[in-house]
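Working notes for the structure below.
The values are calculated or read from the model by the stated rules, or taken from the named source; none is laboratory data. All values derive from a computational prediction rather than experimental measurement. Here Cβ is always computed from backbone atoms with ideal geometry, including for glycine, and neighbour counts include all displayed protein chains. For the accessible areas, the whole protein counts, side chains as well, though only heavy atoms, and no ligand, DNA or RNA atoms are used. Shrake-Rupley method; radii C 1.70, N 1.55, O 1.52, S 1.80 Å.
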Amino acid sequence: MRYPYMTFDDETEVTHSKMGKDGTVRVSIETPTEDGFKSLLFTLPGGDWVNRGYSDNEVKHWKAFMQNNAHLIMESARTKSTDD
């Protein structure tokens, strides 16, 4: 299941998974396009990512966003994991 973190005016959505048993969280950033959507998939902590359609400048922007928000996303994911 994906949990919403933030939605922007251009309809870009940031969602995350529950925290895994190994302490990782999967984060997805998706922006609608004329042909579907483009996405970035991050694994926290560690920052492994997969880019599907974003430009280099957009990736830089989203990496900075992740650096500034990773602790909040991790806390949200931890909370979702304890809700079961």
Longest principal axis of the chain (C-alpha) makes with the long axis of helix 56-82 (C-alpha) an angle, in degrees to the nearest 10, of 20 degrees
Add -39500 (n - 2.57) for each DSSP H run of 4 or more in the chain, then divide by its residues: what number comes out at 222 nm, to the nearest 500 deg cm²/dmol?
-11500 deg cm²/dmol
Send over a whole-number figure in Å² for the accessible area per residue of the chain, probe 1.4 Å.
66 Å²
Compute log10 of I(q)/I(0) for region 1-67 with the Debye formula, placing one identical point scatterer on every Cα and leaving out solvent, at q = 0.17, 0.20, 0.25, 0.26 Å⁻¹, to two decimals.
-0.59, -0.81, -1.20, -1.28
Have a look at 17, 28, 55 and tell me which one the Gaussian network model of the chain (Cα, springs below 10 Å) gives the largest fluctuation.
55
Share of carbon and sulfur in the accessible heavy-atom surface of the chain [1.4 Å probe, %]
49 percent
With contacts defined as alpha carbon pairs under 8 Å and 6 or more residues apart, what's the relative contact order of the chain in percent?
23 percent
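Check each of the trypsin sites (Lys or Arg not before Pro) in region 13-63 and keep only those in coil by DSSP with at most 16 other C-beta atoms within 10 angstrom; list them in order.
Taking region 13-63 and a limit of 16 other Cβ atoms within 10 Å, the loop trypsin sites (Lys or Arg not before Pro) found are 21.
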Once exposed loop GluC sites (Glu not before Pro) are cut out (DSSP; at most 11 other Cβ, 10 Å), longest piece of the chain:
35-84
Set of aspartates and glutamates with alpha-carbon distance to residue 21 below 17 Å, sequence-local pairs under 8 removed:
75, 83, 84
Sparse-neighbourhood loop hits (chymotrypsin sites (Phe, Trp or Tyr not before Pro), the chain; DSSP loop; Cβ within 10 Å at most 13 others) -> 8
